[in-house]
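What follows is a short report on a single structure.
The values are calculated or read from the model by the stated rules, or taken from the named source; none is laboratory data. What you are looking at is a predicted structure, and each value in this text was computed from that prediction instead of being measured. Positions of Cβ are generated from backbone atoms using ideal geometry, with glycine treated the same way; all protein chains shown enter the neighbour counts. The accessibility values were calculated without ligands, DNA or RNA, using every heavy atom of the protein model including side chains. Shrake-Rupley method; radii C 1.70, N 1.55, O 1.52, S 1.80 Å.
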Amino acid sequence: MSNLATEYQQVTRALTGLINELAPGLSGQTQLVIKRLVHSMSQQHSCLQIQQNDLEAIAELLASPIASTENSGTPLIVRGSQLYFHRYFQLERKIAENLAELNQPAAIPGFSLPSLDQFFQDGKPFIMQKIAAYQAVTRRLTIITGGPGTGKTSTVAKIISLIHGLQPALTFALAAPTGKAASRLNQALQQTWTANQFAHPSDISSQVQTLHRLLGISKDFGKPRFHHDRPLKFDILIVDEASMIDLSLMSNLLDALTENTRLILLGDPGQLPSVETGNILADLTQPLPGFSPATLTLFDRYFKADSQTLGKHSRLVDAVCELNHSFRFSQHQGIGKLALAISMGDPEFPAHSDQIEVRNLPESSVEQVSKPLSHYISLLGTPQPVQQLFDELNRFKILTPTREGPWGVIHINRQIENTLETLSLKQPDQSHYHGRAIMILTNDYVHGLFNGDIGLCIDRRRIDGLTSTTDDSSKPSMVACFPDTSGFKTVPLSRLPEHETCFAMTVHKSQGSEFDQVSLVLAQAESDASQNLQTRELLYTAVTRCREKVCIYTDPSTWQQAVQRQLGRSSGLAEFLTETGQQPDHKSSKLEEK
């Protein structure tokens, strides 16, 4: 039995015992409903959807002292067709209320529509980018969504430059859920600014950080350092990879904003959700809240945008902009077509193309799957610049859903290391060796290393010009090397936080990363747990990590089952955001044409 299964049984027994103390005599059916709620929590649902055959049990719960409707503080809350533990009910309600309060007009002084022209080209592909920028400078809440290559980060780079030009004194904070995603955000912003020579805050690179670091959350202290009574002192907060944010983290983030902070969220709701409870970005954007009639009239007049139907009575109306033109992929061929088919649940098995290869996994070996690594491996035998090693390593990655099993991350990495041993590039008893790719598994604020960061073990004798950033006078020949804003930084192996080899990595860990080429290994599931990992969202996330080519190792049946298995997480957040009541002011800001 796995550790997770054991923990689940222990939690279930403990809660059942507590409930029997608080409400003795509950029927077996009612206790079963509570156990199902506990199980749903273990699967990262925020609530249990009440079925028709649960109604008697729900009535019995409501007649007991442990459950009530949403206006009471009992351990269990019944709201509509959902049964909650009190904590998650409160989190969803609080998030919805805070977002609705944020969703108000707030124009940056000095902004006018012609200001957009210096940052965005004319033409249909750029209309939604312009609209997203307009919303970001005229409202406190903007949620920018879109698939790979639709320009989310380039749009936000232009938004930063636009705001900086209008009001240079305004301060920015930039963050992402993981260190890797934060690093990617910084790189993408710098590329846009350099390519277009746009002005931007000079110190903004040093401000891109993880959300945990931004909020002052550590494993040693339960409460964030920044919160409602001690808010973050920034005018604009930009958060990338919002699909990876869980309920608790989002609640902490919103709680730490001042009454004047402007929040911009970026993400792709089709990707895998957070590893913790919730699926927030999907709840906020699917279906799209749409725009108010006044806003649509403005868009039609100034941007020549196609009219969009207003969604349900969402409290996020006018907040969500979906970028739907991919500058990287065509929706009619290759990776773009495949990603669209996956997102639509099309079970058709992928066809070969210039960007897609499909191979039968049972007839394949780790050696075949890892063949694109051969050029990187060939570089390890002779002295090379460290930049070249990183560039070559980042061109290709093996992705798989699981850690365990014959096609899991652990076994694949071990087999690659066996190959390195046969080539005398690694000794059998060596843990660290020149060229070993490693991934950090825990945050280390002292050395600036974060969960998901990828580095290399480097033998200094094989790298010319590499200097240490530490004060270690002994300067051991083998160190760990990581990309840094100033180039690279080295860390003694003895000071590395928990880490592992990562020539192959799980699809979950790949979020926030991009590679030229990916080998996706999708083996037949060996258990219910591994089968539950093989979902439409996982395939979409894996495929959209590629820039140029994906090689898929699987069989038609396994692929089709995965595409049709959607990672639905029970949640009431969407209902909280569509309930009737006071709606945000949707009057368009007065704009002065110049």
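Each row is one residue, and each column tells you yes or no for (1) open to solvent by less than 50 Å² (accessible area, probe 1.4 Å); (2) at pLDDT 90 or above.
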position: 20; (1), (2): no, no
position: 29; (1), (2): no, yes
position: 69; (1), (2): no, yes
position: 74; (1), (2): yes, yes
position: 79; (1), (2): yes, yes
position: 85; (1), (2): yes, yes
position: 91; (1), (2): yes, yes
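When 483, 497 are checked against the criterion of being part of a strand (DSSP E or B) and in contact (Cβ under 8 Å) with a residue 40 or more places away in the chain, a single residue qualifies: 483. From the list 225, 230, the one residue that fits, being open to solvent by 60 Å² or more (accessible area, probe 1.4 Å), touching a strand residue (DSSP E or B) at 6+ places or on another chain (Cβ under 9 Å) and more than 30 Å from residue 538 (Cβ to Cβ), is 225.
Of the residues examined, residue 122 is one that is of a type in the set (Asp, Glu), over 23 Å from the mean Cα position of the chain (by Cα) and more than 30 Å from residue 275 (Cβ to Cβ).
Restricting to the stretch 398-425, what's the tally of residues that are farther than 26 Å from residue 567 by Cβ, open to solvent by 10 Å² or more (accessible area, probe 1.4 Å) and not β-branched (Val, Ile, Thr)? The number of residues fulfilling the criteria is 8. Of the set (1) open to solvent by 10 Å² or more (accessible area, probe 1.4 Å); (2) under 30 Å from residue 345 (Cα atoms), all apply to residue 252 but (2). Taking each residue of the stretch 423-446 that is touching a residue at least 40 places away in the same chain (Cβ under 8 Å) and looking for partners that are part of a loop (DSSP other than H, G, I, E, B) and aromatic (Phe, Trp, Tyr) with beta-carbon atoms closer than 6 Å, six or more apart or interchain, yields 437/503; 443/450.
Restricting attention to the stretch 141-151, the residues that are open to solvent by 10 Å² or more (accessible area, probe 1.4 Å) and either over 18 Å from residue 240 (Cα atoms) or in contact with an Asp or Glu (Cβ under 8 Å, 6 or more places away or on another chain) (or both) add up to 2.
For the stretch 124-140, the candidate set comprises residues that are under 13 Å from residue 236 (Cα atoms) and not in a strand (DSSP E or B); within that set, the residue that is most open to solvent (accessible area, probe 1.4 Å) is 140. Restricting 328, 315 to residues that are in contact with a Pro (Cβ under 8 Å, 6 or more places away or on another chain), basic (Lys, Arg) and more than 26 Å from residue 535 (Cβ to Cβ) narrows the list to 315. Is it the case, given these coordinates, that residue 262 is in contact with a helix residue (DSSP H, G or I) (Cβ under 8 Å, 6 or more places away or on another chain), of a type in the set (D, E, K, R) and free of Cβ contacts under 8 Å to residues at least 24 places away in the same chain? No: the conditions fail for residue 262. Scan the stretch 53-61 and give yes if some residue there is surrounded by 13 or more Cβ atoms within 10 Å (Cβ to Cβ), outside any helix (DSSP H, G or I) and either in contact with a His (Cβ under 7 Å, 6 or more places away or on another chain) or of a type outside the set (A, V, I, L, M, F, W, C) (or both), otherwise no. So far as the stretch 53-61 goes, no, none of its residues is surrounded by 13 or more Cβ atoms within 10 Å (Cβ to Cβ), outside any helix (DSSP H, G or I) and either in contact with a His (Cβ under 7 Å, 6 or more places away or on another chain) or of a type outside the set (A, V, I, L, M, F, W, C) (or both).
Let's see how each residue does on (1) surrounded by fewer than 16 Cβ atoms within 10 Å (Cβ to Cβ); (2) in a helix (DSSP H, G or I); (3) touching a helix residue (DSSP H, G or I) at 6+ places or on another chain (Cβ under 8 Å):
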{"position": "156", "(1), (2), (3)": "no, yes, yes"}
{"position": "159", "(1), (2), (3)": "no, yes, yes"}
{"position": "163", "(1), (2), (3)": "no, yes, yes"}
{"position": "169", "(1), (2), (3)": "yes, no, no"}
{"position": "173", "(1), (2), (3)": "no, no, yes"}
{"position": "192", "(1), (2), (3)": "no, yes, yes"}
{"position": "199", "(1), (2), (3)": "yes, no, yes"}
{"position": "209", "(1), (2), (3)": "no, no, yes"}
{"position": "213", "(1), (2), (3)": "no, yes, no"}
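Selection of the stretch 504-560 for residues being of a type in the set (Ser, Thr, Tyr), in a helix (DSSP H, G or I), closer than 18 Å to residue 412 by Cα and open to solvent by 10 Å² or more (accessible area, probe 1.4 Å) yields only 530. Applying a threshold of 6 Å to beta carbon distances and a minimum spacing of six or more residues, or different chains, the list of pairs starting in the stretch 565-583 at a residue that is more than 12 Å from residue 278 (Cβ to Cβ) and of a type in the set (A, V, I, L, M) and ending at one that is modelled with pLDDT under 90 and assigned to a loop (DSSP other than H, G, I, E, B) reads 577/314.
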